[in-house]
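Below: one structure, written as structure tokens.
The values are calculated or read from the model by the stated rules, or taken from the named source; none is laboratory data. The structure presented is a predicted model; accordingly, all values stated were derived computationally and were not measured. Every residue, glycine among them, receives a Cβ derived from its backbone with ideal geometry; neighbour counts consider all protein chains shown. Calculation scope for accessible area: heavy atoms of the full protein, side chains included, ligands and nucleic acids excluded. Shrake-Rupley method; radii C 1.70, N 1.55, O 1.52, S 1.80 Å.
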Amino acid sequence: MAILAILAVVIAAAYFYSLYHVPPALDFNALSLTGMDGKQVELAKLKGKKLFINFFDTSDDSCLQRIPLIEKAQAAMGKDNSVFLCISDEPVARLDSLRQKIGSNLLFLHSTKKLSDLKILNLPTTYILDPKGEMIYKKAGPSDWSSKETLGELNGAE
């Protein structure tokens with residue numbers, strides 16, 4: 001009986017680890033990203049602005065429900081000092097089709113590396129980089145990016 005209890009705890013721990021695991025750090029400048037036009041995008045060229053980076057999957061309803069909330073956060077924070085990115089490893093055609101279908105004004109990017117190879121195991125996963133390019137926020141799982149509380153947290157992440 002004790003062995004079954006230990007096994008249940010180990011399985012539960014593994015489940016929650018995979019569900020909420022966020023990599024401790026990513027080398028954001030080493031990401032290989034392309035825009036919907038197929039051109040290479042370098043995050044290093046965006047230094048000087050706060051970057052909101054959301055890794056997502058087009059087939060995950062939880063991810064798709066967050067896009068309008070991210071757009072609201074972008075509107076509230078302004079485009080002058082912040083750049084909002086939605087990144088997926090799915091084909092560019094699928095990403096561009098989704099962007100057009102929902103009429104999003106967010107910057108959608110394609111990762112040429114599989115997100116799982118980057119150790120991003122839970123989607124959506126969100127990072128915020130400060131204007132110097134240093135990670136100041138990370139979260140695995142869905143959030144209401146348009147809530148007053150979250151917007152305050154995002155604005156305070158300096």
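Contact map, the range 25-43: first residue surrounded by 11 or more Cβ atoms within 10 Å (Cβ to Cβ), second residue in a loop (DSSP other than H, G, I, E, B) and aliphatic (A, V, I, L, M), Cβ cut-off under 7 Å, separation 6 or more or different chains; pairs are 43/31. When the residues of the range 118-128 are filtered to those that are open to solvent by less than 20 Å² (accessible area, probe 1.4 Å) and not in a loop (DSSP other than H, G, I, E, B), the one that is farthest from residue 42 (Cα to Cα) is 125.
If we scan the range 97-108, do we find a residue that is modelled with pLDDT under 90 and more than 21 Å from residue 35 (Cβ to Cβ)? Scanning the range 97-108, I find no residue that is modelled with pLDDT under 90 and more than 21 Å from residue 35 (Cβ to Cβ), so the answer is no.
Taken over the range 108-117, residues that are surrounded by fewer than 17 Cβ atoms within 10 Å (Cβ to Cβ) and not in a helix (DSSP H, G or I) amount to 3. Scanning the range 69-102 for residues that are surrounded by 15 or more Cβ atoms within 10 Å (Cβ to Cβ), without any contact (Cβ under 8 Å) to a residue 60 or more places away in the chain and not hydroxyl-bearing (Ser, Thr, Tyr) gives 71, 74, 83, 84, 85, 86, 87, 89, 90, 92, 95, 98. When 142, 124 are checked against the criterion of being in contact with a Cys (Cβ under 7 Å, 6 or more places away or on another chain) and within 15 Å of residue 70 (Cα to Cα), a single residue qualifies: 124. Of all residues in the range 76-107, exactly one satisfies the criterion of being outside any strand (DSSP E or B), touching a helix residue (DSSP H, G or I) at 6+ places or on another chain (Cβ under 8 Å), closer than 18 Å to residue 43 by Cα and not acidic (Asp, Glu), namely 106. Each residue in the range 129-158 was checked for being open to solvent by 50 Å² or more (accessible area, probe 1.4 Å) and modelled with pLDDT under 85, and 8 pass.
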